[in-house]
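Take this structure first; my questions come after.
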C-alpha cells in the first residue's frame, strides 16, 4: 500500500549523506545516553498510533529498537514507521526490516529526513472497515462508487467509471454508513465540493470537502468514534494473539 501521502521527503544533501548523518547523530546520542528513547509514529487505517521506543543499537545502516507491542503490530502490517527524537533536526521515515511482536523488537533502516504531513490535518481521516456504497450526480448522470475514507469535513470515494467532474465542482454525495454498535446501515447525503482526484487510470479516487451540517456532522462523528474504538480493539486483539 502507498503511504507516501502521509509525508514529504526532505533531502538535504543526498540520501546516503543524510542517512550517514542520521546514523552518526543517533550513535553519538546513544553513547552519551544509554537509555535513549525515540518516539515512533504510525497511522493504522488513518488513526495515529504512537509510543516511545528504546534505542538498543545503531550500526552503519540500521537501528535496533525495543518497541511496545501495539506499535509492533501496526509496523508489521504497514512495514514502515516515522521516528521523532530531540537530537534529530527533522522527523525520520524508516522502513521496517524486521519486527517481532512477542519479543517487542524491531530493526529499522533506509532512514531519511521527512516532513510529517499527516500531523497538519485538522481532522482525523479514517479508512472504513470495508468500502460502502456511494454515488453523486453529474451532467451525464449518476456516478456510482465506494466510500473508502471519511472525516468530519471530507470524504474519499473510489470510482471505477469515466467521470467528467472537475476540481471545484459542487455536487451532493450520498453514501452508506454503518452503525457499528447496532450493525445497521443508513444513507447519508451532504453537499460537497471536489478538491482532488487521484489516479491516472481507473479506479480513480475523488476527494470531496463536505459542507457543515449539524445532523450529518453528528452522524459522521458518531461513526468516527465507533471506528476508532474498533481499530483499537483490532490492535489489542492482534497483540493478544501474537
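Taking neighbour counts of Cβ atoms within 10 Å as a proxy for exposure, in what order, fewest first, do 229, 224, 157, 41 appear?
229, 224, 41, 157
So how tilted is helix 69-78 from the main axis of the chain? Cα-based, degrees 0 to 90, rounded to 10.
With rounding to tens, the tilt is 60 degrees.
Helix 15-32 versus the longest principal axis of the chain: what angle, 0 to 90°, nearest 10, using Cα atoms?
Tilt relative to the chain: about 60 degrees.
While we're on this one: Which order do 47, 75, 137 fall in if you start with the one that has the fewest other Cβ atoms within 10 Å?
137, 47, 75
Right, here's the next one. What's the angle, to the nearest 10 degrees (0 to 90), between helix 214-241's Cα axis and the longest principal axis of the chain?
40
Still on this model: Once the stretch 4-120 is represented by equal point scatterers at the alpha-carbon sites, with solvent omitted, what log10 I(q)/I(0) does the Debye formula produce at q = 0.09, 0.14, 0.21 Å⁻¹?
Treating every Cα as an identical point scatterer, log10 I(q)/I(0) equals -0.21, -0.51, -1.21.
Would you mind getting the Kirkwood hydrodynamic radius of the stretch 126-235 from its Cα pairs, rounded to one decimal in Å?
Final number for the Kirkwood radius of the stretch 126-235 is 14.3 Å.
Also, I was wondering about something else. What translational diffusion coefficient, to the nearest whole µm²/s, does the stretch 73-175 have by Stokes-Einstein, given a Kirkwood radius computed over alpha-carbon pairs, a temperature of 25 °C and 0.890 mPa s viscosity?
For these conditions, the coefficient is 143 µm²/s.
Additional query: On a C-alpha basis, how far is the centre of the stretch 47-123 from the centre of the stretch 184-234 in Å? Whole number, if you could?
Each part's Cα centre sits 28 Å from the other's.
So, one more: Taking the Cα atoms of the stretch 188-242, what is the range of coordinates along each of the three principal axes, in descending order and whole Å?
The Cα atoms of the stretch 188-242 stretch 43, 36, 14 Å along their principal axes.
Provide Rg and Dmax in Å for the chain, with only Cα atoms included in the calculation.
20.7, 66
Could you put 67, 74 in order, starting from the residue whose Cβ has the fewest other Cβ atoms within 10 Å?
67, 74
Here's something else I'd like to know. Grab the DSSP H runs of the chain that are 4 residues or longer, score each as -39,500 (n - 2.57), total them, divide by all residues and round the 222 nm result to the nearest 500 deg cm²/dmol.
-8000 deg cm²/dmol
Note down the relative contact order for the stretch 126-235 as a percent, whole number, built from C-alpha pairs under 8 angstrom at least six residues apart.
24
Computed from the coordinates by the stated procedures, all read-outs in this text should not be read as laboratory data. Keep in mind that what you see is a predicted model, and the values were worked out from it rather than measured. Every residue, glycine among them, receives a Cβ derived from its backbone with ideal geometry; neighbour counts consider all protein chains shown.
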